[in-house]
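All remarks here apply to the structure that follows.
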Protein chains: 2
Amino acid sequence: MADGTNDSNPPEDQVTDLEAGIERDILLALGEEDAGRVGDLVQGLHSADTADLLEHLSADDRERVVEILRPDFNPDILSELDETVRDHVVECLGLQDVAAAVQEMDSDDALEFVEELDADEQQQVLDAIPLGDRALIEEGLSYPKDSAGRLMQREVVTIPTFWTVGQSIDFLRESADRETSAGEDATKNALPEQFYDLFVVDPSHKPVGTVPLSRVLRTSRSAAMTDIMETDMKVLPVSMDQEDVAFVFRQRDLVSAPVVDESGRLVGAITIDDVVDVIHEEHEEDIMRLGGVQEDDLYDATVATTQARFSWLLVNLATAILASVVIGLFDATLEQMVALAVLMPIVASMGGNAGTQTLTVAVRALAMKELTTTNAARVIGKEALVGVFNGILFAGLIGAVAWFWFGSSALGVVIGLAMVVNMFVAGLAGTTIPLALYRMGIDPAVASSVFLTTVTDVVGFFTFLGLAALFLF
Amino acid sequence: MADGTNDSNPPEDQVTDLEAGIERDILLALGEEDAGRVGDLVQGLHSADTADLLEHLSADDRERVVEILRPDFNPDILSELDETVRDHVVECLGLQDVAAAVQEMDSDDALEFVEELDADEQQQVLDAIPLGDRALIEEGLSYPKDSAGRLMQREVVTIPTFWTVGQSIDFLRESADRETSAGEDATKNALPEQFYDLFVVDPSHKPVGTVPLSRVLRTSRSAAMTDIMETDMKVLPVSMDQEDVAFVFRQRDLVSAPVVDESGRLVGAITIDDVVDVIHEEHEEDIMRLGGVQEDDLYDATVATTQARFSWLLVNLATAILASVVIGLFDATLEQMVALAVLMPIVASMGGNAGTQTLTVAVRALAMKELTTTNAARVIGKEALVGVFNGILFAGLIGAVAWFWFGSSALGVVIGLAMVVNMFVAGLAGTTIPLALYRMGIDPAVASSVFLTTVTDVVGFFTFLGLAALFLF
C-alpha cells in the first residue's frame, strides 16, 4: 500500500539514495537506447523527481527523455523545473503541447508558469488556450510581479455569515458532486484541489473570519460558523510583496490566508506550498547575491554564465585597481623595505574577513526584519567594539610574527596598529553599509560586499603603508 | 471584525510599519515608566510580535517588560524567541514560571523549548513538570538531535481501515466534546490543536494512507476512508534528518506527514509550520557558515561574539601568512620592480571573487540536492571553462591597464597570463572543494571558502611573481 519508504530500518540518507539509484538505472537504459525501459522507470517517479532528473541530464539526454514522455506528459513537471531547464523543455515540447499542459494546471501554477515565459512565447501560449482559462491567467498577469496577486489561487471556498457547520459541509459535498457530474466544464466555480481554511465573508464579499478545516470537523453540525471562526486573521492585500507574505506566514504559522483587492473584497487565497517556494527563492537570492552571482546559474550554458558573472567581476576589478592605486602612493616606501610588500595583504585580508562576518549577520538580520531602527545603533556599536577587541588580539599575534620574521619590533608595532584600525573599520563598515543600502531601498545583499572590501582594502593598505612611511624611516 | 490590515489602499510596507509604530509607542511608555500602558500595548500583540519586541529591546528594558508580562505570560512567546534572548527571558522569569509555561505548550513546542536549555536547567524544569507531560518530553529527547522524532507532535488523528467518512467525522466531534467536558486532564488522547490530514492505520498501527481534510469534507458520509485515501504517501522514519524532512515536504508540497518508528508503527506527525522553521534554520546555517560566522550572533553579548568569531579569523590569519610566505619567496624580484607589489593583489582578488561565485552556486546546489554524481563532472568542466573565458577577458583588460600604467608591455603579458591561470584554478577549486568536503561528510558551507581563498591567493601570487621572475629580468 504505502510506498518503499515504509520499510523497517531505513538507511540514513534514503531520500537521495533511492533517487540516485533510479537515476543510475535511467542513465543505463538511455545508454542502451532502451526507450521502453526509460519510459517505465520515469513514469514511476513523482513529478518533482522527474523534474530533478531532467535537470541533472545533459541537453541531449533531456531531449530524448522529453520525447519519450511526450504522449503522456505530466504538466506538474513544468512547474517544478529550474528556469533554464524549463526553457529547454518548453522548446523540446513545442507550443501546442505546452498550451495543453497549461490548461491542466491549477490557476496559480499556470500563472507562475506563463509569467516566466518570454513575451512572444507567452502570447503564443495564451492564444492557444481557451478563453476562460486565458482570462484568469491574463487577470493574474495584471498584478505586479512578486505580489500576493501573482501567488494566490483564485479558487477559494467562501461561506456566508449566516451558515452553520452543517450547511457548510453540505455545500462542500454538493459542489464536489456537481464537479464530478459536470466534468471539465465546471471549472468556473470549482473547489480548489486542496484547501485548509474556509473563509467567512459578509454580503459585500469582504472576509470577516477564517475557519480551519480541523475546527469544522470537530464541531457539531448545528454550530454557527461565525461562532467558531478566527477573527484575528491576517488579510493580505493583492499588492503585498511576496517577501512580506512569507514573513506573515512564518510569523503566524499560517497554512493559508485570504487575499483582498483594493476595496477589501476577497479575490483569492495563498497557500503554504507557494509560500515555501517563495522562502526558497528569497533565500537563494540572498545567498547568490552575497556570493556575487546574479542568480543560480547551475544549469545555464557556459557562455551565458560567463556573461552573467562578468559584470560583477568587472566591478571587482575596478575596486582592486583602486586598492593598487593606494599601494602605488607608497612605491618609494615599498622600494626601501620589501617586507612591507610581503606583509601588506595580511592586514587587508583580515579586515575583509572580519567585515564579511559582520556583513553576513547584518544582511541576514535585515532580511529577517530583526535589525530595525530600535536596535541599529546598538548593533553598530557592538560590531565596532568586536572589531576592536579582535583587532587587539590579532595585532598581538601578527605583531609577534612580523617581529620574528623580519627582526624589526617597529615593523611589528606598525602592522599591529594597522590591524586594530582596519578591524575596527571593518566592524563599522560591515553594519553601516548594508543599513545605508537598505534605507536607500537597495537590497543590501547585492552590493554590500563590494563596498565593504573596497573599504577594508583601501584602509588596510593605506594605514599599514602610511604608518610604515611615518615611523619606519 | 478583521484586523487593521483589512483597510483599503494599504501602504506598501505595512507589516513592518505597523509594528515599528507600536514598538515606538512601547519604548516611549517604557521611558515614561508607565507600566500600565506598556502592559496594555504588549497584550494587544500576537505572541510572535511580542517575541520580536523582546529581541529588539536592550537587556534592561527586556527585564522590565518581562516583569510587566509575568502575571499573564503567554508561553508561545518562548517558542518564538531567538536562542540568546530566550536564555535571558528564562533567567528573568525563573524556573517556576518557565515550568508552568512549558506545561501549556503543544508537545512539539515544549520539546523544542526544553531541548535547547542547559543540561541542569533542563533537569530543573523537567522536575517541576507533572509526570505525564514530563514522560512525553523525555521520550522526545531520546530521539537524535535534528531528527524527525524531535520535530513531530505526538498528537495525531488515526482512523482504522474499516471506517467510513461519517464514522471518522463523528469520532472527531466526540473527541472534541470529551476534551471540553473532561477539561485539562484529558490531554493524553487529545486531538492536535491544528491538523490537516487523517492517517488511516492498519491493526498493527502502521499507516496505510492519508486523507486530506478537504477531501473528507467534500465526500459523502457513506464513503469508505480507504477508498478516498492517498496511498502514494511519504512515510518519515523517526531517525530521518530534519534537512531530509524539509526536502521531502518541499518536493511533494506536503502540509503534514506521518512519522513511524523502526517497526513501521505510526508514532507522530510533522506539520508544515515546523518544517518552515527548519528551512529557515538550515538556510541561516548555510549563509552564516559561508560568511565565516558559526551562528547568527546578532543578540549575543560583545565578548561572546568576539570569542565566537576569533577562531575563524585565526584560520584566516594562518592562510594569509601562508600567502605572505609565497610572496616572500620572491623578495629579490620585488626589490627589482616595485610595480609587482602594486599589481599583485589584483590577481589574487579576482581569483578569490571568481572562485566565490562558483563556490556559492556549488554549495547551494549541494544543499538543494541539485549537484549530484550524475552531473558533477559536467558542472566542474563548465565552471573551469567559465573561469578560462572570463580569465581571458580580464587578462586583456588588466594587461592593458598594467601596460599603460607602468609602460611595460611585458608586464601586461605577465599579469594577463597569471589572471587566466588563476581564474581557471578558481573555477576548478570553487567546484571541487565543496564536492570533496561533501563526499567526506563535512558541510561544504563551513570550510569551503577558507580553502578556496588559500588556493586563489597562493596560486595568484605564485604565478604572477613566478612568471615575472622568469620573463621580466
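The values are calculated or read from the model by the stated rules, or taken from the named source; none is laboratory data. No experiment lies behind these values; they were computed from the predicted model shown. Cβ sites come from the backbone with ideal geometry, for glycine too, and all protein chains shown count toward neighbours. Quick note on the areas: whole protein, heavy atoms, side chains included, nothing else; ligands and nucleic acids left out. Shrake-Rupley method; radii C 1.70, N 1.55, O 1.52, S 1.80 Å.
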Residue satisfying condition, being more than 16 Å from A:SER324 (Cα to Cα), within 8 Å of another protein chain (Cβ to nearest Cβ), within 26 Å of the chain's Cα centre (by Cα) and open to solvent by 10 Å² or more (accessible area, probe 1.4 Å), within set B:THR373, B:THR360 = B:THR373
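Per-residue answers, yes or no, for (1) modelled with pLDDT under 90; (2) surrounded by 19 or more Cβ atoms within 10 Å (Cβ to Cβ); (3) touching an Asp or Glu at 6+ places or on another chain (Cβ under 9 Å):
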| residue | (1), (2), (3) |
| --- | --- |
| A:ALA110 | yes, yes, yes |
| A:ASP118 | yes, no, yes |
| A:ASP127 | yes, no, no |
| A:LEU131 | yes, no, no |
| A:LYS145 | yes, no, yes |
| A:GLU155 | yes, yes, yes |
| A:PHE162 | no, no, no |
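If you check A:VAL342 against the conditions, is it surrounded by fewer than 22 Cβ atoms within 10 Å (Cβ to Cβ) and either under 27 Å from B:MET419 (Cα atoms) or more than 7 Å from every other protein chain (Cβ to nearest Cβ) (or both)? Please lay out each step first, then the result.
On the way: surrounded by fewer than 22 Cβ atoms within 10 Å (Cβ to Cβ): no; either under 27 Å from B:MET419 (Cα atoms) or more than 7 Å from every other protein chain (Cβ to nearest Cβ) (or both): yes.
In short, no.
Is one or more of the residues making up region B:142-154 closer than 23 Å to A:VAL211 by Cα and not assigned by TED's automatic domain parsing to the domain that holds B:ASP108? Before the answer, list the steps.
Our first condition is that a residue be closer than 23 Å to A:VAL211 by Cα; within region B:142-154, this holds for B:153.
Checking which are not assigned by TED's automatic domain parsing to the domain that holds B:ASP108 leaves us with B:153.
So far as region B:142-154 goes, yes, one or more of its residues are closer than 23 Å to A:VAL211 by Cα and not assigned by TED's automatic domain parsing to the domain that holds B:ASP108.
For residues in region A:64-87 being in a helix (DSSP H, G or I) and among the polar types (S, T, N, Q), which is nearest to A:VAL98 (Cα to Cα)? Steps first, please.
Going residue by residue through region A:64-87, those that are in a helix (DSSP H, G or I) are A:64-72, A:76-80, A:83-87.
Checking which are among the polar types (S, T, N, Q) leaves us with A:79, A:84.
Values: A:SER79: 12, A:THR84: 16 Å.
Out of the qualifying residues, it is A:SER79.
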Top-ranked residue in region A:185-244 [being charged (D, E, K, R) and assigned to a strand (DSSP E or B); ranked as farthest from A:VAL156 (Cα to Cα)] | A:ASP241
Residue list for region B:20-61, restricted to those being part of a helix (DSSP H, G or I) and closer than 25 Å to B:ASP106 by Cβ | B:VAL42, B:GLN43, B:SER47, B:ALA48, B:ASP49, B:THR50, B:ALA51, B:ASP52, B:LEU53, B:LEU54, B:GLU55
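Picking from B:GLY396, B:GLY412, B:GLY381, which residue would you name as being crowded, with 21+ Cβ neighbours inside 10 Å, free of Cβ contacts under 8 Å to residues at least 24 places away in the same chain and out of contact with any Cys (no Cβ under 7 Å at 6 or more places or on another chain)? Steps first, please.
Numbers: B:GLY396 fails: crowded, with 21+ Cβ neighbours inside 10 Å; B:GLY381 fails: crowded, with 21+ Cβ neighbours inside 10 Å.
After applying the criteria, what remains is B:GLY412.
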Among (1) surrounded by 23 or more Cβ atoms within 10 Å (Cβ to Cβ); (2) within 7 Å of chain B (Cβ to nearest Cβ), A:ILE270 falls short only on (2)
Check region A:328-336 and report whether any residue there is surrounded by fewer than 23 Cβ atoms within 10 Å (Cβ to Cβ), among the hydrophobic types (A, V, I, L, M, F, W, C) and under 30 Å from A:VAL420 (Cβ atoms).
-> yes
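Among A:PHE73, A:PHE113, which is of a type in the set (Phe, Trp, Tyr) and farther than 27 Å from A:VAL259 by Cα? Can you show your working first?
Details: A:PHE113 fails: farther than 27 Å from A:VAL259 by Cα.
It is A:PHE73.
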Selection count where residues are open to solvent by less than 10 Å² (accessible area, probe 1.4 Å) and aliphatic (A, V, I, L, M), scope region B:31-59 = 7
Could you list all residues from region A:291-317 that are touching a residue at least 12 places away in the same chain (Cβ under 8 Å), within 18 Å of the chain's Cα centre (by Cα) and at the interface with another protein chain (Cβ under 7 Å from one of its Cβ atoms)?
-> A:GLY292, A:VAL293, A:ASP296, A:ASP297, A:LEU298
Condition check for B:VAL125: in contact with a His (Cβ under 9 Å, 6 or more places away or on another chain) and outside the structural domain of B:LEU266 (by TED's automatic domain parsing) | no
If we ask which residues in region B:176-197 are within 32 Å of the chain's Cα centre (by Cα) and at pLDDT 70 or above, their number turns out to be 8
Could you tell me which numbered condition A:GLY264 fails, if it satisfies all but one of (1) within 7 Å of chain B (Cβ to nearest Cβ); (2) surrounded by 22 or more Cβ atoms within 10 Å (Cβ to Cβ)?
-> (2)
Confirm whether A:ARG250 is of a type in the set (Lys, Arg), at pLDDT below 95 and outside the structural domain of A:ASP197 (by TED's automatic domain parsing).
-> no
Test A:THR463 against the stated conditions and say whether it is assigned to a helix (DSSP H, G or I), within 11 Å of chain B (Cβ to nearest Cβ), among the β-branched types (Val, Ile, Thr) and crowded, with 21+ Cβ neighbours inside 10 Å.
-> no
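Taking region B:319-339, which residues are more than 7 Å from chain A (Cβ to nearest Cβ) and within 12 Å of A:ALA339 (Cα to Cα)?
So the first thing to find is which residues in region B:319-339 are more than 7 Å from chain A (Cβ to nearest Cβ), and the list is B:319, B:322, B:325-326, B:329-330, B:332-333, B:336-337, B:339.
Those that are more than 7 Å from chain A (Cβ to nearest Cβ) and within 12 Å of A:ALA339 (Cα to Cα): B:VAL325, B:LEU329, B:PHE330, B:ALA332.
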A:THR431 meets each of (1) assigned to a helix (DSSP H, G or I); (2) more than 20 Å from B:THR305 (Cα to Cα) with one exception, condition (2)
Some residue of region B:401-417 being outside any helix (DSSP H, G or I), more than 16 Å from B:ILE346 (Cβ to Cβ), more than 11 Å from every other protein chain (Cβ to nearest Cβ) and not β-branched (Val, Ile, Thr) | yes
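Does region A:273-286 hold any residues that are hydrophobic (A, V, I, L, M, F, W, C) and either more than 7 Å from chain B (Cβ to nearest Cβ) or touching a residue at least 24 places away in the same chain (Cβ under 8 Å) (or both), and which are they? Full working, then the answer.
Here is the first cut: in region A:273-286, the ones hydrophobic (A, V, I, L, M, F, W, C) are A:275-276, A:278-279.
Selection gives A:VAL275, A:VAL278, A:ILE279.
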Here the qualifying pairs (Cβ atoms under 7 Å; residues six or more apart or on different chains; first in region A:235-253 and under 15 Å from A:LEU266 (Cβ atoms) and more than 7 Å from chain B (Cβ to nearest Cβ); second at pLDDT below 90 and surrounded by 22 or more Cβ atoms within 10 Å (Cβ to Cβ)) come out as none
